[in-house]
Amino acid sequence: MNDMSRLAAPSAAFLDGLRELLGPKGAQDPEPEDPRLSEPRDRWRGSAAMIVRPASTEETAEVVRRCAEAGVAITPYSGGTGLVGGQLRPETPGGAPGLLLSTDRMNRVRLSAPEDDAVVVEAGVTLSGAQEAAEKAGRLFPLSIASEGTARIGGVLSTNAGGLAVLRYGMARDLVLGVEAVLPDGSIHHGLKLLRKNNTGYDLRHLLIGAEGTLGVITAAALRLYPRPAEWATAFCAVPSPDAALELLHLVRERMGETVSAFELIHKTGIDFLAEHVPDARHPLDPVPEWSVLTEAASGAGSEMQARLEAALEAGFEAGLIEDAAVAQSEAQRAAFWQVRESIPEANRKVGAVSNHDVSAPMSKVADFIRAAGPAIEAAAPGTRINCFGHLGDGNLHYNVYPAPGRPKEDYDNLRPEIKRIVHDLIDAHGGSFSAEHGIGRLKVGELARYGDPAKLAAMRAIKAALDPRGIMNPGALFG
Ligand SMILES: Cc1cc2nc3c(=O)[nH]c(=O)nc-3n(C[C@H](O)[C@H](O)[C@H](O)COP(=O)(O)OP(=O)(O)OC[C@H]3O[C@@H](n4cnc5c(N)ncnc54)[C@H](O)[C@@H]3O)c2cc1C
């Protein structure tokens, strides 16, 4: 997509027109240090001629229609927690500045429909707001990620977010019955039907989910809800190896079926980082094992989750798949177990990674990948530490590389591209993906071109050109 040939800088009259349309709350000139132009890891800044905050779908449609006519670029922005820079459009020499379109004023719960196991929320509702709306309806919206207090539904769907309960409930894509969106010409796609079955041709919902703002602006979504569990059982287990962890996963699922909602693999490096930087989060097993698994099962009242999980773990011990285990005996202990898992990213940030990788492989290949990647990284960057943790039940690893003790990450700046290449080549060779959860954004455009299937890439470009011929929607994201 050639940014410069098709896009135009907004004229002063164009911006004045938006001020008139949206009022002072809806059309803002960005401050030099505007937080909406930064990203969670502070790697680079975005730029915008104006930040627009439409308060309704109709206002969004009018903004997009005017931009399409004038060739002005739009970068959609929800919570700004994306980790691949999709929500920021940096200034490019000679490039036409565009608008940042924030969804934060579209923040209403439009409909609560427990009888349909659904809620309809606008794009600016935070993920935790959507969970609360589900709770008020007596149901569960099971998508859960560490950034849920800030991430908003528009961004969560546009990145097809994953998180902690994918094993049981699927990713964002699986939790949406329909979307409403403004397409790149300013037309409104009214797709908020509360239907589980609707075979009527191409499903625009699935094109827009995961499109990272390149095919339009999602303005609202009908979310799929589930019954709220009444009983939980949560355990930390020491396992001899990642292979044993996978066998244990299958054993626990055979016995407990779909009640298993989380199965997290954690390496000791992450626990060492916690001890140093988040000492309140303490692993319940002593000594801390090289590999541990945090698993949780949940179901309705009377389902005897605790007894069933304990019996499954007993079988795991007997099969040599578990060396030690702690089962949470109270809600407070359950929260403490989860605090360990959920604090790992915070400790990681404090240590400072040389290179982060959000990769996935078929579950059967995860252990092979771990065995191959460690020595390859040690050969390229001796002494570095690897913190490997993630959602084993989804084959998704956060495989992060840290400096040798006492050395700053800057020492490895020249090695970063090689480390990334090693990890991504290996994951590709194991039939995996270089981006499991976080998307492509602007950070992984090169990887998509390198590892993406050529036919898929050609189809993506054709879809983009057909729906957005001037390339106004989030230029630079996905395609570069
Ligand atoms: C601490 C932390 C933990 C995280 N944990 C996870 C995790 O476990 N799993 C996971 O998947 N991700 C995780 N993330 C990444 C991030 O939170 C998710 O990608 C989230 O879904 C992004 O939502 P957002 O509202 O912040 O989107 P933004 O960052 O605002 O935008 C993300 C992308 O979506 C586009 N977009 C935003 N709104 C719209 C819209 N209305 N219409 C069209 N396009 C739009 C943007 O242009 C951009 O390309 C984590 C991030 C942090 C900081």
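The values are calculated or read from the model by the stated rules, or taken from the named source; none is laboratory data. Values in this document were obtained by computation on a predicted structure and should not be read as measured data. Here the Cβ positions follow ideal geometry from the backbone for every residue, glycine too, while neighbour counts run over all protein chains shown. Side chains included, ligands, DNA and RNA excluded: accessible areas come from the protein's heavy atoms. Shrake-Rupley method; radii C 1.70, N 1.55, O 1.52, S 1.80 Å.
Report, by residue number, each residue of the stretch 124-166 that is in a helix (DSSP H, G or I) and within 13 Å of the ligand (Cβ to nearest atom). Show your work before the answer.
Pass one, the stretch 124-166, residues in a helix (DSSP H, G or I): 127-136, 153-158, 166.
Hits for the stretch 124-166 are L127, S128, G129, A130, I153, G154, G155, V156, L157, S158, V166.
When the stretch 71-94 is limited to residues that are of a type outside the set (S, T, Y), more than 25 Å from A55 (Cβ to Cβ) and open to solvent by 20 Å² or more (accessible area, probe 1.4 Å), the one that is nearest to the ligand (Cβ to nearest atom) turns out to be L83.
Cβ-Cβ distances below 8 Å connect the following pairs, each with a first residue in the stretch 455-480 that is surrounded by 12 or more Cβ atoms within 10 Å (Cβ to Cβ), a second residue that is among the aromatic types (F, W, Y), and a separation of six or more residues or different chains: M460/F479; R461/F479; K464/F479. Taking (1) open to solvent by 10 Å² or more (accessible area, probe 1.4 Å); (2) touching a Leu at 6+ places or on another chain (Cβ under 8 Å); (3) away from the ligand (no atom under 13 Å from the Cβ); (4) not β-branched (V, I, T) in turn, R108 satisfies each apart from (2).
Residue pairs whose Cβ atoms lie under 9 Å apart, separated by 6 or more positions or on different chains, with the first residue in the stretch 297-326 and open to solvent by less than 40 Å² (accessible area, probe 1.4 Å) and the second part of a loop (DSSP other than H, G, I, E, B) and of a type in the set (V, I, T), are L313/I322; G316/I322. Confirm whether S102 is within 16 Å of the ligand (Cβ to nearest atom), free of Cβ contacts under 8 Å to residues at least 24 places away in the same chain and among the hydroxyl-bearing types (S, T, Y). So S102 does not fit the description; no.
Kindly evaluate D358 against the criterion of being of a type outside the set (A, V, I, L, M, F, W, C), surrounded by 15 or more Cβ atoms within 10 Å (Cβ to Cβ), within 30 Å of D413 (Cβ to Cβ) and touching a residue at least 12 places away in the same chain (Cβ under 8 Å).
Answer is yes for this residue.
Taking into account only those residues within the stretch 172-187 that are touching a residue at least 60 places away in the same chain (Cβ under 8 Å) and among the aliphatic types (A, V, I, L, M), which is farthest from the ligand (Cβ to nearest atom)? Among them, the one singled out is L183.
Which of the following residues is in contact (Cβ under 8 Å) with a residue 60 or more places away in the chain and within 21 Å of the chain's Cα centre (by Cα): I145, I153? Lay out the reasoning, then the answer.
Values: I145 fails: in contact (Cβ under 8 Å) with a residue 60 or more places away in the chain.
That would be I153, the only listed residue that is in contact (Cβ under 8 Å) with a residue 60 or more places away in the chain and within 21 Å of the chain's Cα centre (by Cα).
Quick one: in the stretch 37-52, which of the residues that are away from the ligand (no atom under 12 Å from the Cβ) and open to solvent by 40 Å² or more (accessible area, probe 1.4 Å) is modelled with the lowest pLDDT? Selected residue: R43.
Among the residues making up the stretch 195-222, a single one is within 9 Å of the ligand (Cβ to nearest atom) and either of a type in the set (D, E) or loosely packed, with under 13 Cβ neighbours inside 10 Å (or both): E212.
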